[in-house]
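Have a look at the structure below, then the notes.
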Amino acid sequence: MTTADRKIAARRLTDAKRVVVKVGSALLVDAEKGRLNRSWLEAFAADVASFRKRGQEIILVSSGAIALGRRHLALSPGRLRLEESQAAAAVGQIRLAHAYKELLDAHEITVAQILLTLGDTEQRRRYLNARGTLNTLLSLGAVPVINENDTVATAEIRYGDNDRLAARVATMASADLLVLLSDIDGLYDAPPQAGRQANLVPLVERITPEIESMAGASGSELSRGGMTTKIEAGKIATTGGIHMVIASGHVAHPLRAIREGGRCTWFLTPANPITARKKWIAGSLEPKGILTIDAGAVAALRRGNSLLPVGVIKVEGAFARGDAVLVRGPDTAEIGRGLVAYDAEDAERIKGRSSADCQLILGIVGRAEMVHRDDLVLGHA
């Protein structure tokens with residue numbers, strides 16, 4: 001990679017408004033002692049603080065709970081049974097969350113813990129709830145630390161690796177960049193441990209079958225993932241309009257190393273998160289209902305605003321929160337389509353009403369928008 005290429009790569013990191021960073025178990029936990037690698041985590045916390053000082057939002061997807069917990073429960077080395085993994089996660093998660101809190105507290109950064117299962121990113125209502133929580137935490141200046149909820153997840157309902165979980169979180173949060181910190185510094189054209197010549201691939205513009213064939217198996221006992229899961233994560237991220245980078249975490253300041261042009265592999269996306277999301281809304285979802293709006297609301301949408309309940313004059317269909325709906329003007333011409341923030345029954349009750357009225361009618365402080373502008377795709381004017 002040339003000097004110019006390194007500068008471009010560094011800008012992808014520093015220009016990203018919202019970044020998801022996945023931290024692998026092999027980085028956080030000493031493999032021999034089963035203890036937290038505190039000195040590494042202190043340096044990483046300083047990297048996170050530098051992101052926040054630049055005004056960037058950061059979400060951490062962290063492994064390590066099971067690896068930490070198994071030592072405290074004196075579980076034997078090797079593969080754990082499911083119930084042993086769940087028990088180890090219950091013990092280790094407390095220690096992991098405390099470590100992040102303590103070290104980021106030193107930088108006056110508030111930490112929030114979120115445990116997710118596969119269903120939280122696959123079921124629409126739970127997905128929207130998790131997304132709303134993430135957005136609120138970020139708007140309040142907190143750093144969410146996410147892990148798979150290994151205590152309750154079974155083999156049938158789990159990701160099994162945090163690479164793909166991180167990619168799902170990145171798409172959920174409409175992140176600009178996904179960083180996978182691992183025990184390898186990028187994608188090689190052959191598995192480095194195979195005993196043959198292997199060259200780092202610094203840039204992947206598109207994930208092809210040839211790129212997929214370069215992936216090897218997991219190289220660490222602590223890690224459940226490998227390069228194959230990282231390629232899968234790359235597919236999820238780049239399809240969602242998110243750049244991704246794989247880099248080694250075996251340096252004191254891994255994020256700073258990427259910014260300074262260190263060895264890594266960049267996976268590029270031709271889109272951006274909002275564009276990719278809107279393309280998905282426009283072409284991949286079947287509308288479950290219709291919202292007819294007044295002329296004032298049509299004009300507001302054309303100006304880039306969200307659709308408020310006060311502008312809705314008719315509600316049709318049996319839809320749930322998060323379903324796609326058509327949006328039509330008073331002349332029934334289609335204005336666009338989007339993801340609705342209320343169930344059909346509640347939408348009917350608050351149509352044409354102000355935000356203050358909506359709160360009184362529903363008895364809760366609901367969302368101000370019937371359809372948020374980020375979830376709305378307009379047709380041609």
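The values are calculated or read from the model by the stated rules, or taken from the named source; none is laboratory data. Fair warning: this is a prediction, and the values are worked out from it, not measured in the lab. FYI the Cβ positions are ideal-geometry reconstructions off the backbone, even for glycines, and counts take in every protein chain you see. What goes into the accessible areas is simple: the full protein's heavy atoms, side chains included, and nothing from ligands, DNA or RNA. Shrake-Rupley method; radii C 1.70, N 1.55, O 1.52, S 1.80 Å.
Structure data summary
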| quantity | calculated |
| --- | --- |
| Flag for HIS98 being at pLDDT 90 or above and more than 23 Å from ILE258 (Cβ to Cβ) | yes |
| Whichever residue in segment 117-141 is part of a loop (DSSP other than H, G, I, E, B) and of a type in the set (S, T, N, Q) and, among such residues, is nearest to the chain's Cα centre (by Cα) | THR117 |
| Pairs with Cβ under 7 Å, 6+ apart, first in segment 72-87 and over 14 Å from GLY34 (Cβ atoms) and touching a residue at least 12 places away in the same chain (Cβ under 8 Å), second among the charged types (D, E, K, R) and in a loop (DSSP other than H, G, I, E, B) | SER85/ASP150; GLN86/ASP150 |
| Pair list, Cβ < 6 Å and 6+ apart or interchain, from segment 117-142 residues that are farther than 16 Å from LEU165 by Cα to residues that are open to solvent by 20 Å² or more (accessible area, probe 1.4 Å) and among the polar types (S, T, N, Q) | ALA142/THR110 |
| From ILE114, ILE109, residue being part of a loop (DSSP other than H, G, I, E, B), crowded, with 16+ Cβ neighbours inside 10 Å and in contact (Cβ under 8 Å) with a residue 12 or more places away in the chain | ILE109 |
| Out of GLY262, GLY241, sole residue that is buried (at least 23 other Cβ atoms within 10 Å of the Cβ), assigned to a loop (DSSP other than H, G, I, E, B) and in contact (Cβ under 8 Å) with a residue 24 or more places away in the chain | GLY241 |
| Subset of segment 31-58 (residues that are open to solvent by 60 Å² or more (accessible area, probe 1.4 Å) and either within 27 Å of ALA74 (Cβ to Cβ) or more than 18 Å from the chain's Cα centre (by Cα) (or both)) | ALA31, GLU32, LYS33, ARG35, ARG38, SER39, GLU42, LYS53, ARG54 |
| Within segment 275-381, strands (runs of 3 or more DSSP E) holding 1 or more residues that are touching a strand residue (DSSP E or B) at 6+ places or on another chain (Cβ under 9 Å) and open to solvent by 40 Å² or more (accessible area, probe 1.4 Å) | 312-317, 324-328, 334-339, 376-378 |
